[in-house]
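Let me begin by presenting the structure, written as structure tokens, before commenting on it.
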Amino acid sequence: DGGITQSPKYLFRKEGQNVTLSCEQNLNHDAMYWYRQDPGQGLRLIYYSQIVNDFQKGDIAEGYSVSREKKESFPLTVTSAQKNPTAFYLCASSIDGLAGDTGELFFGEGSRLTVL
Amino acid sequence: QQPVQSPQAVILREGEDAVINCSSSKALYSVHWYRQKHGEAPVFLMILLKGGEQMRHEKISASFNEKKQQSSLYLTASQLSYSGTYFCGTEGVIGGAQKLVFGQGTRLTINP
């Protein structure tokens, strides 16, 4: 079955540690996205990538980093510079890449990060 | 440039109707609607691509009023399975490219 797989589902981190959240898709989609979800604030875009080896900052990129070395993978690193990292993180993909409006987003199940 | 959704929360009895609105201060080029059940990933419902367009997903329909810069989601004869948080997404410029910007969500609770 095609889809998006995020891991881990739950993650606990001590302050000052970097953590990496995995996102893999087998939908052959060009575009991939990372969103952060906090209660009452909807989904806020952290980073997105429209093509391999290229990515762009979203609205709230500070304290995060990404890479896109393979089409199917878009890992997100939450660094110690992120002031308030406790949140629910969602990875998504869409078929469109560089051209046109954003098509339907397919989301992963999410990763819940808690900083202790 | 985040779209504004109203109301923030709705509580209905099964079989009742509801309307969720999504408004933008900027011109709308397309509107997406997603539903997220508690603890799950958001799921795509529909995209409206131009003014005047209406779409339907089961008993849920949506309209897109380009002039008013607004889209509305209509839930008719609500079922228990409709419970969840509904998000609208509109195209906005982020990082120099047009990307989806989501509203804050509307929590819908359907009681038997």
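Can you tell me how many residues within the stretch B:50-61 are exposed (fewer than 13 other Cβ atoms within 10 Å of the Cβ) and either among the hydrophobic types (A, V, I, L, M, F, W, C) or within 14 Å of another protein chain (Cβ to nearest Cβ) (or both)? It would help to see each step written out before you state the result.
Let us first name the residues in the stretch B:50-61 that are exposed (fewer than 13 other Cβ atoms within 10 Å of the Cβ), namely B:50, B:52, B:54, B:56, B:58.
Within this subset, residues satisfying the condition of being either among the hydrophobic types (A, V, I, L, M, F, W, C) or within 14 Å of another protein chain (Cβ to nearest Cβ) (or both) are B:50.
Residues in the stretch B:50-61 being exposed (fewer than 13 other Cβ atoms within 10 Å of the Cβ) and either among the hydrophobic types (A, V, I, L, M, F, W, C) or within 14 Å of another protein chain (Cβ to nearest Cβ) (or both): 1 in total.
Quick check on this structure: which one of B:Gly84, B:Gly39, B:Gly15 is free of Cβ contacts under 8 Å to residues at least 60 places away in the same chain and surrounded by fewer than 20 Cβ atoms within 10 Å (Cβ to Cβ)? Steps first, answer last, please.
Details: B:Gly84 fails: surrounded by fewer than 20 Cβ atoms within 10 Å (Cβ to Cβ); B:Gly15 fails: free of Cβ contacts under 8 Å to residues at least 60 places away in the same chain.
Of B:Gly84, B:Gly39, B:Gly15, the one residue that is free of Cβ contacts under 8 Å to residues at least 60 places away in the same chain and surrounded by fewer than 20 Cβ atoms within 10 Å (Cβ to Cβ) is B:Gly39.
Within the stretch A:95-111, does at least one residue satisfy the condition of being touching a residue at least 40 places away in the same chain (Cβ under 8 Å), touching a Phe, Trp or Tyr at 6+ places or on another chain (Cβ under 7 Å) and more than 19 Å from B:Gly92 (Cβ to Cβ)?
yes
Among the numbered conditions (1) closer than 24 Å to B:Glu91 by Cα; (2) more than 8 Å from chain B (Cβ to nearest Cβ), tell me where A:Ala81 comes up short.
It is condition (1) that A:Ala81 fails.
Please go through the stretch B:30-58 and give me each residue that is touching an Asp or Glu at 6+ places or on another chain (Cβ under 8 Å), under 15 Å from B:Phe102 (Cβ atoms) and in a loop (DSSP other than H, G, I, E, B), ordered by number.
B:Ser30, B:Ala41
If the Cβ limit is 9 Å and pairs must be 6+ apart or interchain, which residue in the stretch A:66-79 that is more than 17 Å from A:Ser94 (Cα to Cα) pairs with which residue that is at pLDDT below 95 and among the charged types (D, E, K, R)?
Sorted first by the residue in the stretch A:66-79, then by its partner, the pairs are A:Val78/A:Arg13.
On the basis of being β-branched (Val, Ile, Thr) and either in contact with a Gly (Cβ under 9 Å, 6 or more places away or on another chain) or assigned to a strand (DSSP E or B) (or both), does A:Ile60 make the cut? If you could, list the steps in order and put the result at the bottom.
Numbers: β-branched (Val, Ile, Thr): yes; either in contact with a Gly (Cβ under 9 Å, 6 or more places away or on another chain) or assigned to a strand (DSSP E or B) (or both): no.
It is false that A:Ile60 is β-branched (Val, Ile, Thr) and either in contact with a Gly (Cβ under 9 Å, 6 or more places away or on another chain) or assigned to a strand (DSSP E or B) (or both).
Tally up the residues in the stretch A:63-88 that are in a strand (DSSP E or B) and not β-branched (Val, Ile, Thr), please. Even if it seems obvious, please write down each step before you answer.
Within the stretch A:63-88, the first condition is being in a strand (DSSP E or B), and the residues that meet it are A:64-66, A:70, A:73, A:76-78, A:87-88.
This time we only want the ones that are not β-branched (Val, Ile, Thr), so: A:64-65, A:70, A:73, A:76, A:87-88.
Within the stretch A:63-88, residues that are in a strand (DSSP E or B) and not β-branched (Val, Ile, Thr) number 7.
Name the residue, out of B:Gly105, B:Gly39, that is under 11 Å from the mean Cα position of the chain (by Cα), within 25 Å of A:Gly108 (Cβ to Cβ) and among the small types (Gly, Ala, Ser). First the steps, then the outcome.
Details: B:Gly39 fails: under 11 Å from the mean Cα position of the chain (by Cα).
The conditions single out B:Gly105.
So that you can scan it fast, the table gives a plain yes or no per residue for (1) modelled with pLDDT of 95 or more; (2) over 14 Å from A:Leu113 (Cα atoms); (3) of a type outside the set (Lys, Arg); (4) surrounded by fewer than 17 Cβ atoms within 10 Å (Cβ to Cβ):
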residue	(1), (2), (3), (4)
A:Gln25	yes, yes, yes, no
A:Leu45	no, yes, yes, no
A:Asp54	no, yes, yes, yes
A:Leu90	yes, no, yes, no
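Of the conditions (1) of a type in the set (S, T, N, Q); (2) closer than 24 Å to A:Gln50 by Cα; (3) within 8 Å of chain A (Cβ to nearest Cβ), B:Gln104 fails just one. Which one is it?
Among (1) of a type in the set (S, T, N, Q); (2) closer than 24 Å to A:Gln50 by Cα; (3) within 8 Å of chain A (Cβ to nearest Cβ), B:Gln104 violates only (2).
Quick check on the stretch A:35-70: of everything there that is out of contact with any Pro (no Cβ under 8 Å at 6 or more places or on another chain) and among the polar types (S, T, N, Q), which residue is nearest to the other protein chains (Cβ to nearest Cβ)?
If we filter the stretch A:35-70 for residues that are out of contact with any Pro (no Cβ under 8 Å at 6 or more places or on another chain), which is where we start, we get A:35-42, A:44-62, A:64-65, A:68-70.
Add one more test, that the residue is among the polar types (S, T, N, Q), and what stays is A:37, A:41, A:49-50, A:53, A:56, A:65.
On the way: A:Gln37: 9, A:Gln41: 6, A:Ser49: 11, A:Gln50: 7, A:Asn53: 16, A:Gln56: 4, A:Ser65: 15 Å.
Checking each candidate, the answer is A:Gln56.
Okay, residues lined up against (1) in contact with a Phe, Trp or Tyr (Cβ under 7 Å, 6 or more places away or on another chain); (2) among the hydrophobic types (A, V, I, L, M, F, W, C); (3) at pLDDT below 90; (4) within 23 Å of A:Gly40 (Cβ to Cβ):
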| residue | (1), (2), (3), (4) |
| --- | --- |
| B:Arg35 | yes, no, no, yes |
| B:Val43 | yes, yes, no, yes |
| B:Glu53 | yes, no, yes, no |
| B:Asn65 | no, no, yes, no |
| B:Gly96 | no, no, yes, no |
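Please verify whether the stretch B:81-99 includes one or more residues that are under 24 Å from A:Ser94 (Cα atoms), within 14 Å of chain A (Cβ to nearest Cβ) and outside any strand (DSSP E or B). Spell out how you get there, then give the answer.
Going through the stretch B:81-99, the residues under 24 Å from A:Ser94 (Cα atoms) turn out to be B:84-99.
Cutting the leftovers down to within 14 Å of chain A (Cβ to nearest Cβ) gives us B:84-99.
Those left that are additionally outside any strand (DSSP E or B): B:95-96.
Yes, that holds for at least one residue.
The values are calculated or read from the model by the stated rules, or taken from the named source; none is laboratory data. Just so it is clear, the structure is predicted and the values come from calculations on it, not from any experiment. Neighbour counts run over all protein chains shown; Cβ positions are idealised from the backbone, glycine included.
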